[in-house]
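The values are calculated or read from the model by the stated rules, or taken from the named source; none is laboratory data. Not measured: the values here are computed from a predicted model. Quick reminder, even Gly has a Cβ in these numbers, built from the backbone with ideal geometry, and neighbours come from all protein chains shown.
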Amino acid sequence: MQLGERPELSVIFVLMKDFCNYPRFTILLTCIVFGSTLLTAQTTSVLWLGNSYVATNNLPDMLAQLALSGGDTIQYDSNTPGGYTFQLHWDDAYTHSKINQQSWDFVVLQAQSQEPSLDSAYVSNNVFPYARALDSVIHVNDSCTQTIFYMTWGRKNGDAQNCASYPPVCTYQGMQDQLRNRYLQMGYDNNAIVAPCGEAWRDVIAATPAFDLYMADESHPSLYGSYLNACVFYASIFRRSPVGLSYYGGLPAADAQFLQLYAADCVLDSMLLWNTEVYYDKADFAPQLTSGSTYLFSASTAGTIHQWNFGSGFVPGSANEVFTFPGNGTYYVTHVTDNGCRTDTSSQWITVGPQGVWNCIPGKGNLVYPVPADAWTTILNPFPPTGSCTVEVYDAAGRMLSTTLESGESFFLNTAELADGIYSIRLIQNRDEITQLITVCH
């Protein structure tokens, strides 16, 4: 079963009329998980094509063990000769045989550690063309395979070997800047995911000198560096936080948990930047009352197959559908997308007409208050307050506006800078998630 093709749990929420535009009605916040999925165990296949930056500390197995501690299985294979470049992989029949060995869910591409940081002419002639060529044969083998470019890190004291000929790499920060930009370019040019290991390294290095992510050669990853990389890949592949996973890779628990947190923050805080969801259509949709009992249902994805069910069976449609309900009442609306590789489903209860109060969490009432939100909104944490909870904010079009890590029984969301309208608040802890809509009305 491929990642993304998993059973889903459609959970109820109720939407009241827009408080700002329809003051004669009481707005009720929407309730629980719009478009959420029941995160079930899955088996994922990953092929690693790189060099010693993959092989050191056996990163593929470390990631597999990390995933297994969360209930998921990774089947993997690799070709990682020391010092290999993309061109050497392209010229290597063994690499091609690995690509064609089966249909892979993910193929990881890692360049030689210095090459992507060199001058633009060199990279344009010796790195980018082979990145594109490898990505192309990956998708010839299986058009649904997801390519991940493994962003590596600057050397601890810069690249002494190439410093004289290309000064930007003379320092760690300069080399890391070059690697970041080049790997992002490869991700964007090939419509592929970027696993931002190098940027996670930068964050940890800035946060604490206590962890030495490097081996003695100031290039290869120490056990700490490899574990941080594994956490970054976990977040990039499964699109959820590694925080709370019980596999520590031989590190002290507190140190591993620290690295989990930084990896989660680096990846999940900037999923659009890293193209983390480039292969996924989102079925999430926002209903907007236009008049009477007529709604506009707007999904955030386009260029895919859309199926809608407004209560009387599925019919083909587009990302934006207008539907008039027969009268006041509560209707269950489902939207399914299919991009040829992965499907996604989102369902909502739509209540037409005046409504009463809906308690989203038994014993706690609504997840957020006040109703409607003004400058600040209090969010009740439905999860155990001992762990971190990821809080994501989306606009009505499904675009992520912010993401933070929170803990405690409740926390606050600054809504002062949000325009009036409907937003969804997605709360995630380990393998559980809840989403609730809020209406902002200043």
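The set of residues in the stretch 397-419 that are surrounded by 14 or more Cβ atoms within 10 Å (Cβ to Cβ) and of a type outside the set (S, T, N, Q) comprises Gly398, Met400, Leu405, Glu406, Phe411, Leu413, Leu418.
Set side by side, the residues Leu380, Leu367 differ, and just one is farther than 24 Å from Val278 by Cβ, at pLDDT below 80, crowded, with 16+ Cβ neighbours inside 10 Å and in contact with a Leu (Cβ under 6 Å, 6 or more places away or on another chain), which is Leu367.
Screening Val333 with (1) within 17 Å of Ile422 (Cα to Cα); (2) among the hydrophobic types (A, V, I, L, M, F, W, C); (3) at pLDDT 85 or above gives one miss only, at (1).
Got at least one residue in the stretch 115-137 being of a type outside the set (A, V, I, L, M, F, W, C) and either buried (at least 23 other Cβ atoms within 10 Å of the Cβ) or touching a Gly at 6+ places or on another chain (Cβ under 6 Å) (or both)? Yes: one or more hits. Counting the residues of the stretch 199-224 that are loosely packed, with under 13 Cβ neighbours inside 10 Å and more than 13 Å from Arg155 (Cβ to Cβ) gives 5. For the stretch 55-78, the condition holds for at least one residue, the condition being that it is surrounded by fewer than 22 Cβ atoms within 10 Å (Cβ to Cβ), at pLDDT 95 or above, part of a strand (DSSP E or B) and aromatic (Phe, Trp, Tyr).
Of all residues in the stretch 138-154, those satisfying the criterion of being surrounded by 21 or more Cβ atoms within 10 Å (Cβ to Cβ) and not in a strand (DSSP E or B) are Ile138, Thr145, Met151, Thr152, Trp153, Gly154. Taking the stretch 146-190 as the range and being more than 30 Å from Ser103 (Cα to Cα) and acidic (Asp, Glu) as the test, the residues that pass are Asp159, Asp177. In the stretch 320-344, which residues are touching a Ser or Thr at 6+ places or on another chain (Cβ under 6 Å) and surrounded by 14 or more Cβ atoms within 10 Å (Cβ to Cβ)? Those that are touching a Ser or Thr at 6+ places or on another chain (Cβ under 6 Å) and surrounded by 14 or more Cβ atoms within 10 Å (Cβ to Cβ): Phe325, Thr330, Thr334, His335, Val336, Thr337, Asn339, Asp344.
In the stretch 79-103, the qualifying residues are those that are assigned to a helix (DSSP H, G or I) and of a type in the set (Gly, Ala, Ser), and the one that is surrounded by the fewest Cβ atoms within 10 Å (Cβ to Cβ) is Ala93. Residues in the stretch 383-410 that are in a strand (DSSP E or B) and at pLDDT below 85: how many? Summing the residues that are in a strand (DSSP E or B) and at pLDDT below 85 in the stretch 383-410 gives 3.
Look at Ser120 and say whether it is farther than 19 Å from Val54 by Cα, out of contact with any His (no Cβ under 6 Å at 6 or more places or on another chain) and free of Cβ contacts under 8 Å to residues at least 12 places away in the same chain. Considered against the rule, which asks whether it is farther than 19 Å from Val54 by Cα, out of contact with any His (no Cβ under 6 Å at 6 or more places or on another chain) and free of Cβ contacts under 8 Å to residues at least 12 places away in the same chain, Ser120 comes out as yes.
Here the condition is being touching a Phe, Trp or Tyr at 6+ places or on another chain (Cβ under 9 Å), at pLDDT 90 or above and of a type in the set (Gly, Ala, Ser); of Gly311, Gly317, it holds for Gly317 alone.
Looking only at residues in the stretch 272-301 that are among the aromatic types (Phe, Trp, Tyr) and touching a Phe, Trp or Tyr at 6+ places or on another chain (Cβ under 7 Å), which one is surrounded by the fewest Cβ atoms within 10 Å (Cβ to Cβ)? Ranking the qualifying residues of the stretch 272-301, first place goes to Phe297.
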